[in-house]
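The values are calculated or read from the model by the stated rules, or taken from the named source; none is laboratory data. As the structure is a prediction and not an experimental result, all values here were calculated from the model. Positions of Cβ are generated from backbone atoms using ideal geometry, with glycine treated the same way; all protein chains shown enter the neighbour counts.
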């Protein structure tokens with residue numbers, strides 16, 4: 001697939017056309033920004049609800065009880081299409097959508113460009129808070145398919161598995177080990193560095209770039225590979241996971257432990273400097 005799935009990557013016009021009673025619109029961001037302005041009808045999910053929060057690997061998945069609390073509050077049900085957006089180009093929205101994949105909810109979409117694209121299209125915002133129209137008790141099941149763990153990555157590296165491609169979504173300085181972000185700095189051996197910011201078009205309200213597939217392919221990030229993406233806490237890599245998912249990559253995983261786990265362990269292999 002050379003273009004993102006239009007049923008998952010929505011324009012503001014496509015979002016407007018969705019039936020409200022079958023759609024759950026979620027603003028992923030801070031309570032302060034939500035209180036100032038959000039899309040009409042949107043409910044708030046804060047980043048803290050999507051991460052474990054305990055150091056050193058603060059970005060790991062919350063436990064099942066916390067996920068049950070979140071999705072019960074949202075009234076998640078299989079026929080409900082969850083549309084996520086944020087104000088930063090898709091990192092936190094992607095993290096929520098990855099979490100939905102983890103709990104087996106495939107009925108989701110992303111508003112391309114988030115609140116900026118919505119405003120630029122001339123649609124209104126509101127400031128009054130919204131709650132889900134109906135909450136219901138949810139008992140989620142965690143599916144390991146979208147999740148990569150450190151042990152599996154290390155085993156693949158030890159085996160010389162050429163099918164694995166690690167996509168490091170951090171900055172070049174973090175990748176090279178020049179920026180202190182953990183006890184040990186650098187990158188996973190063989191990882192490809194493609195900064196999440198490169199996926200956003202700053203001239204189009206932070207929508208995904210129009211040559212997304214070609215840009216990834218130029219770095220060797222192609223759908224025939226087993227892709228594992230990460231950043232520092234699986235926030236920035238929420239967007240890189242989402243980009244590959246929207247393009248139909250069949251084997252895309254995210255490593256929620258990310259560098260905050262890898263770089264703070266003593267048994268993980270690390271390289272420094274630029275890619276060869």
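Scanning region 207-238 for residues that are outside any loop (DSSP other than H, G, I, E, B) and closer than 22 Å to residue 54 by Cα turns up 229, 230, 236, 237, 238.
Quick one: is residue 118 within 30 Å of residue 181 (Cα to Cα) and touching a strand residue (DSSP E or B) at 6+ places or on another chain (Cβ under 8 Å)? No; evaluated as a whole, the condition is false for this residue. Screening residue 162 with (1) surrounded by fewer than 16 Cβ atoms within 10 Å (Cβ to Cβ); (2) in contact (Cβ under 8 Å) with a residue 12 or more places away in the chain; (3) assigned by TED's automatic domain parsing to the domain that holds residue 234 gives one miss only, at (2). Scanning region 245-270 for residues that are under 16 Å from the mean Cα position of the chain (by Cα) and touching a residue at least 60 places away in the same chain (Cβ under 8 Å) yields 245, 246, 247, 248, 252, 253, 254, 255, 256, 257, 258, 259. Suppose the filter is on the phi < 0 side of the Ramachandran plot and either crowded, with 18+ Cβ neighbours inside 10 Å or in contact with a strand residue (DSSP E or B) (Cβ under 7 Å, 6 or more places away or on another chain) (or both); does residue 113 pass it? So residue 113 fails the test. Quick test of your reading of the structure: residue 220 fulfils all but one of (1) in contact (Cβ under 8 Å) with a residue 60 or more places away in the chain; (2) in the same structural domain as residue 243 (by TED's automatic domain parsing); (3) surrounded by fewer than 20 Cβ atoms within 10 Å (Cβ to Cβ). Name the failing condition by number. Single failed check for residue 220: (1).
Note on region 200-221: residues that are in contact with a strand residue (DSSP E or B) (Cβ under 8 Å, 6 or more places away or on another chain) and closer than 27 Å to residue 157 by Cα total 3. No other residue among 138, 102 is touching a residue at least 12 places away in the same chain (Cβ under 8 Å), more than 20 Å from the chain's Cα centre (by Cα) and over 22 Å from residue 200 (Cβ atoms) apart from 138. In the set (1) assigned to a loop (DSSP other than H, G, I, E, B); (2) crowded, with 23+ Cβ neighbours inside 10 Å, residue 241 fails one condition alone, (1).
Just one residue in the set 204, 179, 184 is in contact with a helix residue (DSSP H, G or I) (Cβ under 9 Å, 6 or more places away or on another chain), in a loop (DSSP other than H, G, I, E, B), surrounded by fewer than 23 Cβ atoms within 10 Å (Cβ to Cβ) and modelled with pLDDT under 95; that residue is 179.
Here's the yes/no breakdown for (1) surrounded by 15 or more Cβ atoms within 10 Å (Cβ to Cβ); (2) within 19 Å of residue 243 (Cα to Cα):
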position	(1), (2)
8	yes, yes
13	no, no
17	no, no
21	no, no
24	yes, no
30	yes, no
52	yes, no
69	no, no
77	no, no
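Please work out which residue is farthest from residue 266 (Cα to Cα), limiting yourself to region 35-61 and to residues that are free of Cβ contacts under 8 Å to residues at least 60 places away in the same chain and touching a helix residue (DSSP H, G or I) at 6+ places or on another chain (Cβ under 7 Å). Residue satisfying both the conditions and the ranking: 45.
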